[in-house]
Structures are given as C-alpha cells and as structure tokens.
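Everything on this sheet refers to the single structure shown next.
The values are calculated or read from the model by the stated rules, or taken from the named source; none is laboratory data. The structure presented is a predicted model; accordingly, all values stated were derived computationally and were not measured. Note that we place each Cβ from the backbone using ideal geometry, even for glycine, and neighbour counts take in every protein chain shown. Just so you know, the surface numbers come from the protein's heavy atoms only, side chains and all, with ligands and any DNA or RNA stripped out. Shrake-Rupley method; radii C 1.70, N 1.55, O 1.52, S 1.80 Å.
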Amino acid sequence: MPTTAPHALSDVTASGSTLRRFLHGLPGVDAVGLEARAASLGTRSIKTTAKAYAIDLAISMVDLTTLEGADTPGKVRALGAKAVHPDPTDRTTPATAAVCVYPDMVATAKQAVAGSTVKVASVATAFPAGRAPIAVKLADVREAVAAGADEIDMVIDRGAFLAGDYLKVYDEITAVKEACGTSARLKVIFETGELSTYDNIRRASWLGMLAGADFIKTSTGKVAVNATPANTLLMLEAVRDFRAQTGVQVGVKPAGGIRTTKDAIKFLVLVNETAGEDWLDNHWFRFGASSLLNDLLMQRQKLATGRYSGPDYVTVD
C-alpha cells in the first residue's frame, strides 16, 4: 500500500493512477531553454575575494568518495583523515561535508572521522544498479545505519521508473526512508544519464521528494553521463518549487564528472541564482566527488601564495 506523504501534496500519492496523473501533469521541460540558461549562468565571472569564499564553501560541500571494489580499510582511514583536515599544512581549510563509502566500510570511516564535523555517508540498495529484491535493499540500509552511517545514498529502480511503475519506486523510497530511522538522512540517486529525457528527470525529482527524500542526487558516477549543469539546474528548480508548494526544503547533490574548481563555482552560481541562498550550505547542497577536492586545494593555495603547487602538494586518493 502507498505511504501517505507528510505534506500538502499527500493526496497525489494516494494511488498509482493519481501519482501518474500528477507526474505527467508537470510542465514539460524546454530543453533548449534549460541548456541555454545553464550555459549562461556558467559564464558569470567571480572576483578574487568571492572566489576565495566560493572555494572554501565548495570544500565544505564535498562528499569525499571512494566506491571501488579494491577499497581497503587503510584507504578509507586515509580518506577520513583527509576529509577532516584536507590541507594538513593549513588548518584554516574547512573540513569536507562527508566521506562516502560502501556499507561494509562505514564503521572504519566512523572511526576515522570521530570527533569532527565530517559525516559518514553510505551508498546502499544494491548500488549502483539497484537490481535486488526489496528485502536485500532494506537489509543493506539497516546494516549501514547500524554501523553508524549518518546519511544513506540510495539508488532508485530505474527499470520500474522507465516502465511507468512510479508507485513501486515511491514505495521503495518510503521503505528506505523508514529504514533510515531518525538518525540518517536519505539521498535519492536517479542516475539521470539513464533517464533519457529532461521530463523524466523532473518527474523523478518530484517523485523522490514526495516520497520523503532529504536530498535528490543526480548520479552514481558509474555511468557515461553524470552531473551536468543542465540536469542540476532542473533539479534545483524542482526543489525550489517543491518548497514553495509544501514548505519542505530538500537538498541537491550533483555527483560524477565535477573535477575542477571552475566546475564547482559554476554549480554554486546555479544554486544561488536558481534555488537561492538558503541552499548555499552543506546541509542542503553537496558535491559527490573524489578528484575535485585536490583541485580546490591547489586553487586555494594559489590565491593565498600567488603560485601553484606541484602535484605532490595533495594526496592522490
């Protein structure tokens, strides 16, 4: 049975037909206009003082990530240490928002960041494909939460979504949200590169928010097309409009393909100009990244000293 959504739009989730009617009643996306606006906002120039602020803000929004089959406890401990003190030579450098790992590495990550503000995020629900029975997905979530995960990054069933079975996707998200309990925030990954159209990305965004997502997230980072300015702009519009209708604020996390300071600043401009200043905080906006942090650190040092450091200045994760 569908779960009642705790906000002003709860009636649209009363049945599969009402949910479909609502999602397909959302305004169609003007693809040309969306991409043009994203490109236009990406050309904004940032002055030196604003750039320094933006770099520190971006560092504080990074979910420092390792999601490889070859991950070891030593690698996760090193990642945790880097998240807490990204630049050991400059303790004014802000900590990252979180480290993101597989469920079996959560306990190791928690030990590595203990005593800091850094959260531990865990992917779950048969990441990255999401192809598993719901019982397996929920066990995945519960184990990660029991190990101390502060945040769960789940993947939706893209097959069900593309087949139009929106209620199945909704019910899975609500079940995962319940499994998170009160201790873990839920990020819902759409894998936008597999959703084919901007209209589907808009529908997925509203579906995730109706089901109780604390964050909506573009991608796993494991497919060819990940976060783009256009798909992130579309999701930012969705969270802005959702709050206007329900009073509920939901975060956004672009992930995959964001590698440079220039890229990160473009995304921050998108946030400011679309959702507004309320989202310019790591409680509401994150970057899912691994290599981005190193470039932010090198650019930060250049602003401070006037010169670039060599590649040995940062660790290779």
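Given the options ALA78, ALA98, ALA230, state which has the largest fluctuation in a GNM of the chain using a 10 Å cut-off (strictly under) for Cα springs.
Maximum fluctuation in the GNM of the chain, among the listed residues, is at ALA78.
Please give the per residue volume of the convex hull enclosing the alpha carbon atoms of segment 219-259, rounded to a whole number of Å³.
Dividing the Cα hull volume of segment 219-259 by its residue count gives 63 Å³.
Just how far, in whole angstrom, is segment 116-147 from segment 50-85 if you go by their alpha carbon centroids?
Comparing the Cα centres of segment 50-85 and segment 116-147, I get a distance of 19 Å.
Specify the residue with the greatest mean-square fluctuation among LYS302, LYS82, LYS51, computed from a Gaussian network of the chain linking alpha-carbon atoms under 10 Å apart.
Answer for the Gaussian network model of the chain: LYS302.
Can you tally the net charge around GLY164? Count Lys and Arg as +1, Asp and Glu as -1, for every other residue whose Cβ sits under 11 Å from the Cβ of GLY164. Mind showing how you got there, number by number?
Values: positive: ARG20, LYS168, ARG203; negative: ASP165.
Local net charge: +2.
Counting heavy atoms of the protein chains only and a 1.4 Å probe, report the per residue accessible area for the chain as a whole number of Å². Show your work: numbers first, answer last.
Numbers: 13270 Å² over 317 residues.
It amounts to 42 Å² per residue over the chain.
Can you give me the convex hull volume of the Cα atoms of segment 47-143, divided per residue and expressed in Å³? Present the calculation step by step, with values, prior to reporting the outcome.
Numbers: hull volume 11.5 nm³, N = 97.
Here the figure is 119 Å³ per residue.
Could you point to the label whose value was computed as percent of Cα pairs over 35 Å apart for the structure here, given (i) 41; (ii) 17; (iii) 21?
For percent of Cα pairs over 35 Å apart, the calculated option is (ii).
Of the accessible area of the chain, with the probe set at 1.4 angstrom, what percent is carbon plus sulfur?
That fraction is 53 percent.
Comparing ILE152, ILE55, ILE134, which has the greatest mean-square fluctuation in the GNM of the chain with Cα pairs linked when under 10 Å apart?
The residue that fluctuates most here is ILE134.
Could you tell me which of the pairs LYS137/LYS217; LYS51/LYS119; LYS47/LYS217; LYS110/LYS168; LYS119/LYS168; LYS51/LYS187 are separated by over 22 angstrom between their Cα atoms in the structure shown?
LYS51/LYS119; LYS47/LYS217; LYS110/LYS168; LYS119/LYS168; LYS51/LYS187
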